[in-house]
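*Asks:* Below: one structure in structure tokens.
Each value in this text was obtained by applying a stated rule to the coordinates, not by laboratory testing. Source: prediction; values computed, not measured. Here the Cβ positions follow ideal geometry from the backbone for every residue, glycine too, while neighbour counts run over all protein chains shown.
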Amino acid sequence: MALHHAEPGEIVDVRPLGAKLRQGINATLVLTDRLQVFRFILPAGEEFAEHKVHGEIIVQCIEGEVEFSSRGKQQVLRPGELVYLAGDDPHALRGRCDASVLVTIVSEKQHHA
């Protein structure tokens, strides 16, 4: 069964999950040839090890706090804040407390579902 991705013009709920955060799942919300938007859940203490993506990326904190490491520095992303990276910039994330982030990737290449 294919996962549902938003159609053009479809409203997508990206509000904080609140009490349901621990039961939340990582989900791709929008997927086109050049654009991917997904919600990533990062429980307290869990780390998404250093990695890079080929497209430009925006990571926006929806709830909780996330340590964001990139370009030789470590920053804390809080709700309502975002960070932008150029393509192929290595970065890592770690949950300071239960958190969810909205990740947007713009790529020249086609994404594969």
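*Asks:* Can you give the Rg to Rh ratio of region 9-113, both from alpha-carbon atoms, with Rh computed by the Kirkwood formula?
*Replies:* We get a ratio of 0.95 for region 9-113.
*Asks:* GluC sites (Glu not before Pro) within region 1-57: which are DSSP loop residues with at most 13 other Cβ atoms inside 10 Å?
*Replies:* Loop-located and lightly packed - Glu10, Glu46.
*Asks:* Can you compute 3J(HN,Hα) from phi for each residue in region 39-53, using the Karplus curve 6.51 cos²θ - 1.76 cosθ + 1.60 with θ = phi - 60°, rounded to whole Hz and x for Gly and Pro?
*Replies:* Values, residue by residue: 9, 10, 8, 10, x, 3, x, 7, 10, 9, 4, 3, 7, 8, 10 Hz.
*Asks:* Would you pull out the residues with amide H under 5 Å of Gly55's amide H, same chain only if 5 or more places away, H placed 1.01 Å from N?
*Replies:* Asp88
*Asks:* Could you work out how much longer the chain between Ile25 and His4 gets when fully extended? Use 0.36 nm per residue separation minus the Cα distance between them, nm to one decimal.
*Replies:* Gain on stretching Ile25 to His4: 6.2 nm.
*Asks:* Next question, about the same structure. With an 8 Å Cα cut-off and a minimum separation of 6 or more residues, compute the relative contact order for the chain in percent. Can you show the working numbers first?
*Replies:* Details: 267 pairs, mean separation 37.8, N = 113.
Taking the mean separation of contacting Cα pairs over the length of the chain, I get 33 percent.
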